[in-house]
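**Student:** My structure is below; once you've seen it, I'll send some questions.
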Amino acid sequence: KPIISLTLAYTVGLLLGRGFLYLPYSVSFLAVVVVFILVVLTWFEKITLRRLFLIVVPSLIGMAAYLYSAAWLPANHYTRVFPDDKATHVMTGTIISPLDRDPDRTAFVLDLVDLDGTPVSGKVRVSVREAVTIIGYGDFIRVSGKMFGPAGYDNPSSFDYGAYLAQSGIYRIVGVKNSGSITVLHAGRGLFRTIQDWRERIRQAFLASTSGPGSAIIQAMVLGEEGGLTDGLRDRFMAAGVTHIISISGSHLGMVALLCFGLVRLLMRLMPERHYHLLTVYADPKKIAALITLPLVLFYTLLAGGQVATVRSLIMITAGLAALLLDRENALMHSLATAALAILLTGPQSLFDISFQLSFISVLSIGYTVLLWNELGLKASHAAQKFRNSAALLILISLSTSLATGPLVAHYFNQFSLAGVVSNMIVVPFAGLVVVPLGLSSGVLSLFTHHLPFAALNQFAADAFIGIVTFFSRLPIAEFHPPSPGVIWLLTYGAFVLSLAGVARSRLLYHAKPLEFSSHVSRAAVTTAALSGTLLLIITTLHFFPRRGVEVSFPDVGQGDCSLVRLRSGKTVLIDGGGAYDNRFDIGRRVLAPYLWNKGVRRLDLVILSHPHPDHMNGLKFILKKFQVGQVWESGLDSDLSGYEEFRDIITEKNIPRKTVFAGDAPAVLGEATFTVLHPSQGFVARERQAYAAENDRSLVVRIAFDDRVCLFTGDIHREAEQYLLKSGQDLKCDLLKVPHHGSKTSSSDDFVSTAQPKVAVITCGRGNRFGHPASDVVARYENAGARVYRTDVDGAVTVRFESDGLQTLKWNDLALRRTGLDKVVSPWQQERENLRRMLLRKWEL
């Protein structure tokens, strides 16, 4: 019975442990105060000594467990032995994860035993730039590749890939050119390897007999192979509010468990009546079904790859089946607490994983709704009433789950789908009763038939499934992109929903059973609901009062260019959008769009493409698709470059006005700002022999003037274009300068810098880029000219605000919290004070 209290206390300890890494003295003081209060309450017999023990001891254990898992590494851990030097290393180890496949990439987790001849410990994620078939789970291999830290983007509320991997004990990524750099020393063996080989055979059967998005969906939902899912397909599921159905997690295992349980019960009922009654004398049929279901679900977990999220779901289902076996099937919350405690004991950092949070919050909301429904005991005397009650329960479950998980989805993905309330009632049953059972049974049969049975039926079901999702994704209410809610907002929302649920429960039970339940409603619940609801309304309303004044932001888009101008009138201008060269990682989708949504930007009045190089253009493609855009400016030059035609096609498809601009065009007025194109003129011809450099010199140079202030955006121009500008007599003096070509030594000549005389110069470039940007002499040149220099590779996102008394500059890396470490130069107390200062700045400045 105390399992819920134990789990809650242990969870509080995990939270304290996480907070201790950033605010050790504050958290320690808070813990001491709480323990003192509990001791005083025990002394005055307000709580029992047993209750005190159940609160304090699990909390201390949870705190210690988190600190041990997050902050301690063995002496021979590879991060202690080898620095992050981005050099090529030779390493040996065992593959401890299923292969993660994309069409032209294979990734897996390697448990190291040796690195360049030195015995080490620890896990790395290996990424091979081709499809690899010579390796599998459990293989002991030697591999050669470049080791580097996980790349990330330092923007407010951005996804921290490094922290995500660190939760699984992975601190480095190894990049491998091809399978020729891998040698299998010993092949893997054992049950899990055998099942993984079966998984690969089933995957090949799906590939051979199905095609298109339907094949990708079947592989993802049945085998957990998500490499074939395109970003566009994922977008449809996200917009429809059913993205959870793609990944194998609680919903999939739950459906498989229910099907197996129901099938076993059906088979037993088909037994001769005499044998069935004899069976019930010796055993409960439900318990027999539960015992048979458990190994089947375990097999499916292993077949699906045994991923962390899937194993967590297995633990939850196992706890539920165990409750049935122990005659505790009504103790749903106790079973859920047992599962949560088991997961958090083995992996304390799982508490901060999105899949864990979404899984347990959704199951909690479902459990609460079902238990309340059972307490209400609504009667149904005929089939129509039974159907009505079932439909009402399904709607309530979908609604409660959406309300419970919606803010978390918005927090992590900047998206909330109102269509999900309805779509889940149709999509989830269709997946659970048709797509998954049909695909799984066909896949298992293919191990014996050597081809995929019912291939056409699988293809039809998958295509129909995608059609249903597509329908919901196109509804007007499907796609809404709010700013990522902060922790304070989420906590306030949680208090509001929980207290409101308590009030609603009391009122519903009284109206349904007035003789059994009192009409009294807890004053604490009503007060909490009123206060939290009011605070929630105030916080939300304040967000819609934008900061006045002009603001220019330079988000961290890696090795690329991107600038966002927000005018006092509310007009917004985006200049370039960053982008990867092969667009494999979509900067626009994963970095820039969330940045804009978090800024509250829904419409871009003007988008300017300086020149169609991928590190300026590719990130704009997704932005043009998802945002309202008033107009696009470009030079129209270099139209034969790769990807430019797609850029133009999107503009045409979205009916966005497009304008080619050159130096000499009449200045344009937008809001209170005047936009003047300074370069290139229509007659400009770059003399650079290298085509790429010549394209850089044809970048648009745009001057934005307002209130006697000037911003200058220079694209990737080189010295030749700079000299052309100087000779043309253009007014280059500015307050804010976007430094040409990422601070390259081929740009920012002495004459250009001395003429521009910027007060603030911002260099946009990626950390550790292979071009050596920015050049040290270029940085020194601006500093010697009196400019304050900022770099997105060092400072993260940079925001410049034009105040009446000058330019105020904010660097995201000056606002991000830093972990306290005893081995650092800064003392823990100094680091804590700095973190408190940063928390205060983030509250008032962002």
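The values are calculated or read from the model by the stated rules, or taken from the named source; none is laboratory data. What you see is a predicted model, and the numbers here were worked out from it, not measured in a lab. Quick reminder, even Gly has a Cβ in these numbers, built from the backbone with ideal geometry, and neighbours come from all protein chains shown. Accessible surface areas use protein heavy atoms only, side chains included; no ligands, DNA or RNA. Shrake-Rupley method; radii C 1.70, N 1.55, O 1.52, S 1.80 Å.
**Student:** Give me the residue from the range 226-242 that is of a type outside the set (Phe, Trp, Tyr), in a helix (DSSP H, G or I) and touching a Ser or Thr at 6+ places or on another chain (Cβ under 6 Å) and, out of that set, modelled with the highest pLDDT.
**Tutor:** ARG236
**Student:** If the requirement is being surrounded by fewer than 20 Cβ atoms within 10 Å (Cβ to Cβ), among the β-branched types (Val, Ile, Thr) and touching a helix residue (DSSP H, G or I) at 6+ places or on another chain (Cβ under 7 Å), which of these qualifies: VAL779, VAL798?
**Tutor:** VAL779
**Student:** While we're looking at this one, here's another question. Which count do you get for residues in the range 731-773 that are under 21 Å from ARG698 (Cα atoms), among the charged types (D, E, K, R), in contact with a strand residue (DSSP E or B) (Cβ under 9 Å, 6 or more places away or on another chain) and open to solvent by 10 Å² or more (accessible area, probe 1.4 Å)?
**Tutor:** 2
**Student:** Can you tell me which residue within the range 154-205, out of those that are among the charged types (D, E, K, R) and part of a helix (DSSP H, G or I), is least open to solvent (accessible area, probe 1.4 Å)?
**Tutor:** It comes out as ARG199.
**Student:** Taking LEU253 as the residue in question, decide whether it is closer than 30 Å to ILE623 by Cβ, part of a helix (DSSP H, G or I), open to solvent by less than 40 Å² (accessible area, probe 1.4 Å) and out of contact with any Lys or Arg (no Cβ under 7 Å at 6 or more places or on another chain).
**Tutor:** So LEU253 does not fit the description; no.
**Student:** Under the condition of being of a type in the set (Ser, Thr, Tyr) and over 29 Å from the mean Cα position of the chain (by Cα), which residue from the range 271-329 is nearest to LEU258 (Cα to Cα)?
**Tutor:** THR293
**Student:** Which ones in the range 344-361 are outside any helix (DSSP H, G or I) and either over 21 Å from SER97 (Cα atoms) or at pLDDT below 80 (or both)?
**Tutor:** Listed by number, the list is empty, since nothing qualifies.
**Student:** Another question about this same structure. Would it be correct to say that GLY600 is out of contact with any Gly (no Cβ under 8 Å at 6 or more places or on another chain), small (Gly, Ala, Ser) and open to solvent by 20 Å² or more (accessible area, probe 1.4 Å)?
**Tutor:** It is true that GLY600 is out of contact with any Gly (no Cβ under 8 Å at 6 or more places or on another chain), small (Gly, Ala, Ser) and open to solvent by 20 Å² or more (accessible area, probe 1.4 Å).
**Student:** Restricting attention to the range 368-416, which residues are open to solvent by less than 30 Å² (accessible area, probe 1.4 Å), touching a strand residue (DSSP E or B) at 6+ places or on another chain (Cβ under 8 Å) and not in a helix (DSSP H, G or I)?
**Tutor:** Across the range 368-416, the qualifying residue is only GLN415.
**Student:** Still on this structure, I have one more. Pairs under 8 Å by beta carbon, first residue in a helix (DSSP H, G or I) and surrounded by 17 or more Cβ atoms within 10 Å (Cβ to Cβ) in the range 319-343, partner among the charged types (D, E, K, R) and at pLDDT 80 or above, six or more apart or different chains?
**Tutor:** LEU324/LYS286; LEU324/LYS287
**Student:** Still on this structure: Select from the range 424-477 the residues that are within 26 Å of the chain's Cα centre (by Cα) and of a type in the set (Ser, Thr, Tyr) and write down the one among them that is modelled with the lowest pLDDT.
**Tutor:** Filtering the range 424-477 for residues that are within 26 Å of the chain's Cα centre (by Cα) and of a type in the set (Ser, Thr, Tyr), the one modelled with the lowest pLDDT comes out as SER473.
**Student:** Same structure again: Among the residues of the range 679-708, how many are modelled with pLDDT under 95, surrounded by fewer than 21 Cβ atoms within 10 Å (Cβ to Cβ) and either within 17 Å of ASP731 (Cβ to Cβ) or of a type in the set (S, T, N, Q) (or both)?
**Tutor:** Residues in the range 679-708 being modelled with pLDDT under 95, surrounded by fewer than 21 Cβ atoms within 10 Å (Cβ to Cβ) and either within 17 Å of ASP731 (Cβ to Cβ) or of a type in the set (S, T, N, Q) (or both): 6 in total.
**Student:** ARG312: charged (D, E, K, R) and surrounded by 21 or more Cβ atoms within 10 Å (Cβ to Cβ), yes or no?
**Tutor:** Judged against the criteria, ARG312 is a match.
**Student:** Being under 30 Å from ASP731 (Cα atoms), out of contact with any helix residue (DSSP H, G or I) (no Cβ under 7 Å at 6 or more places or on another chain), modelled with pLDDT of 95 or more and not hydrophobic (A, V, I, L, M, F, W, C), is that true of even one residue in the range 759-766?
**Tutor:** There is at least one residue in the range 759-766 that is under 30 Å from ASP731 (Cα atoms), out of contact with any helix residue (DSSP H, G or I) (no Cβ under 7 Å at 6 or more places or on another chain), modelled with pLDDT of 95 or more and not hydrophobic (A, V, I, L, M, F, W, C).
**Student:** Checking the condition polar (S, T, N, Q), at pLDDT below 90 and farther than 30 Å from GLY579 by Cβ, which residue from SER249, SER157 passes?
**Tutor:** Only one candidate qualifies: SER249.
**Student:** Can I ask one more? Which of the residues spanning the range 610-621 are crowded, with 23+ Cβ neighbours inside 10 Å and of a type outside the set (D, E, K, R)?
**Tutor:** Passing the criteria: SER610, HIS611, PRO612, HIS613, HIS616, MET617, ASN618, GLY619, LEU620.
Yes/no matrix, rows are residues, columns are (1) basic (Lys, Arg); (2) closer than 21 Å to THR346 by Cα; (3) in contact (Cβ under 8 Å) with a residue 60 or more places away in the chain; (4) not in a helix (DSSP H, G or I):
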residue	(1), (2), (3), (4)
ALA257	no, no, yes, no
CYS260	no, no, no, no
ARG265	yes, no, no, no
LYS286	yes, no, no, no
ALA290	no, no, no, no
LEU294	no, yes, no, no
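**Student:** Test ALA456 against the stated conditions and say whether it is open to solvent by less than 20 Å² (accessible area, probe 1.4 Å) and of a type in the set (A, V, I, L, M, F, W, C).
**Tutor:** no
**Student:** Quickly run through the range 683-731 and pick out the residues that are under 30 Å from ARG548 (Cβ atoms), of a type in the set (A, V, I, L, M) and outside any strand (DSSP E or B).
**Tutor:** Across the range 683-731, the qualifying residue is only LEU700.
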